[in-house]
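Let me begin by presenting the structure, written as structure tokens, before commenting on it.
Readers should treat all values here as calculations from the given coordinates under stated rules, not as data from a laboratory. It should be emphasised that the depicted structure is a prediction, and the values quoted were computed from it without experimental measurement. Note that each Cβ is placed from the backbone with ideal geometry, even for glycine, and that neighbours are counted across all protein chains shown.
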2 protein chains.
Amino acid sequence: MKQKKAIINKLRTSGLRPTKQRILIAQNLFEREKTFHFTVETLNKEINKNGSEKVSLATVYNTVEAFTKAGHIKEILTSKSKSYFDTNIKSHHHFYDEDSKELTDINYNQVKLSKVPNPPKGKKIKNLEVVIRLQK
Amino acid sequence: MKQKKAIINKLRTSGLRPTKQRILIAQNLFEREKTFHFTVETLNKEINKNGSEKVSLATVYNTVEAFTKAGHIKEILTSKSKSYFDTNIKSHHHFYDEDSKELTDINYNQVKLSKVPNPPKGKKIKNLEVVIRLQK
DNA sequence: TTCTAGTTTATAATAATTCTAAACTACAAA
DNA sequence: TTTGTAGTTTAGAATTATTATAAACTAGAA
Ligand SMILES: [Mn+2]
Ligand SMILES: [Mn+2]
Ligand SMILES: [Zn+2]
Ligand SMILES: [Zn+2]
């Protein structure tokens, strides 16, 4: 509620019309204290829980895609069956707890890759973020 | 064809009956010179290409699951839309080419993780295999 | 040879995601 | 202010990898 102007601006400068659905989702995602790791399913529940405005599941999918393309959130490749997203767009690593299916941030400097192979010619490394799988 | 006995034994000692379907798939997977990275789709094509014996897709799925549980192949978490498997069951890293969707092995000692965070209490690290995404 | 648990198979079901096309809306321009 | 239109939302259908179902088949112990 506090920085609605800023959010509208964020949307506009990404070429996204500030519709009430996008503003609602953006507020939910970007006005948090802590990093939020989510799936479309969890975000959809979150958005539609307090009976007020209903946002369709299709719109949640569309918005998550639009925000990802705009670089406001990023996708974490973790699970084979479901896509995970992250409001922390800085390069960083994760623990993934396979029991609870929860992601936790690891600071980038908490993992040190002291040796990395050269990519095949003609290709470059897109990213080097590590997901460390946890179990009991 | 050469070590059919060995393959039958491998199946038996895993508690898997050596059916003709499993033997065929095991021969295809385990009598290769080089590591094979595959999806169920590619393996199914491979198995069913030379008109001889037909193996149903359901059986390919069942067999891949059985071989994974037995530890004869392992799953690589790479793509969100499709499961990848690997005949190289040693701990090792991969390049994943997002254009061609191909996996390439990286020797375990080609990547050095000199600093790794401690897992949260009560949890342990299941594995530490890195997938390095490539792009043009 | 017989019996049965294990296996194969066609097919249906599931579930995340994407597509479609009609209704709606932000907003630039008149 | 009104209008025109491209962009957006939406319900529902389609897609696609995978898993479940249940009937027919078979390996192999007895
Ligand atoms: Mn999917
Ligand atoms: Mn799936
Ligand atoms: Zn994160
Ligand atoms: Zn490999």
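Couplings 3J(HN,Hα) for region B:83-93, derived from phi with the Karplus relation 6.51 cos²θ - 1.76 cosθ + 1.60 (θ = phi - 60°), are 8, 10, 10, 9, 7, 8, 8, 5, 5, 7, 9 Hz, where x marks Gly and Pro.
Annotation: amide H-H contacts under 5 Å for A:ILE73 (H modelled 1.01 Å from N, sequence separation of 5 or more, or interchain): A:THR68.
Quote the relative contact order of chain A in percent (integer), defining contacts as alpha-carbon pairs under 8 Å separated by 6+ residues.
It rounds to 19 percent for chain A.
Each residue of region B:13-24 was assigned a 3J(HN,Hα) from its phi angle through the Karplus expression (A = 6.51, B = -1.76, C = 1.60, θ = phi - 60°), giving 5, 9, x, 10, 5, x, 7, 5, 5, 5, 5, 4 Hz with x at Gly and Pro. Distances between copies of A:ASP99, taken at a point 7 Å out from Cα along the Cα→Cβ vector and listed shortest first: 4.4 nm.
Sorted on the mean count of surrounding Cβ atoms within 10 Å across their residues, most packed first, peptides A:89-95, B:106-112, A:72-78 read A:72-78, A:89-95, B:106-112. Between copies, B:LYS124 shows label-point distances of 4.1 nm, shortest first, with the point placed 7 angstrom from Cα along Cα to C-beta.
Enter the mean number of other protein chain beta carbons within 10 Å of the beta carbon of each residue in A:74-82, as an integer.
On the way: counts 0, 1, 1, 7, 2, 2, 10, 3, 1.
So the per-residue partner count for this stretch is 3.
Chain B has one residue whose beta-carbon comes closest to the axis relating it to chain A; that residue and its distance in whole Å are B:SER114, 2. Taking amide H atoms as placed 1.01 Å from N in the peptide plane, the amide H of B:HIS93 lies under 5 Å from those of B:ILE106, B:TYR108, each 5 or more residues away in sequence or on another chain.
In region B:93-134, a dipole from Cβ-located charges (positive for Lys and Arg, negative for Asp and Glu) runs towards its positive end, and of B:ILE106, B:ASN118, B:HIS94 it is B:ASN118 whose Cα lies farthest in that direction.
Search the structure for amide H atoms under 5 Å from the amide H of B:VAL55, placed 1.01 Å from N in the peptide plane, and list their residues when 5 or more places away or on another chain. Here nothing satisfies the definition. Partners of B:LYS4 within straight-line reach, counting lysines whose Cα lies under 26 Å from its Cα and excluding those fewer than 8 residues away in the same chain: B:LYS20, B:LYS34, B:LYS45, B:LYS49, B:LYS54, B:LYS69, B:LYS74, B:LYS90.
State to the nearest 20 debye the size of the charge dipole of the protein assembly as shown about its Cα centre, where the only charges are +1 on K and R beta carbons and -1 on D and E beta carbons.
Values: 54 positive and 28 negative charges, 42 e Å.
Charge dipole of the protein assembly as shown: 200 debye, to the nearest 20.
Sorted shortest first, the distances from the B:ILE23 label point to those of the same residue in the other copies are 7.1 nm; each point sits 7 Å from Cα along Cα-to-Cβ. For region A:76-101 and region B:65-97, compute the distance between their C-alpha centroids and round to whole Å. Rounded to whole Å, the Cα centres lie 19 Å apart.
Per-residue Karplus couplings for region B:103-120, computed as 6.51 cos²θ - 1.76 cosθ + 1.60 with θ equal to phi - 60°, are listed in order as 9, 10, 5, 10, 4, 4, 8, 7, 10, 10, 9, 7, 9, 9, x, 6, x, x Hz, Gly and Pro entered as x.
Take every Cα pair under 8 Å in region B:93-134 that's 6+ residues apart, average their separations, divide by the length, and report that relative contact order as a whole percent. Each step should come with its number before you reach the end.
Working: 37 pairs, mean separation 23.8, N = 42.
RCO, region B:93-134: 57 percent.
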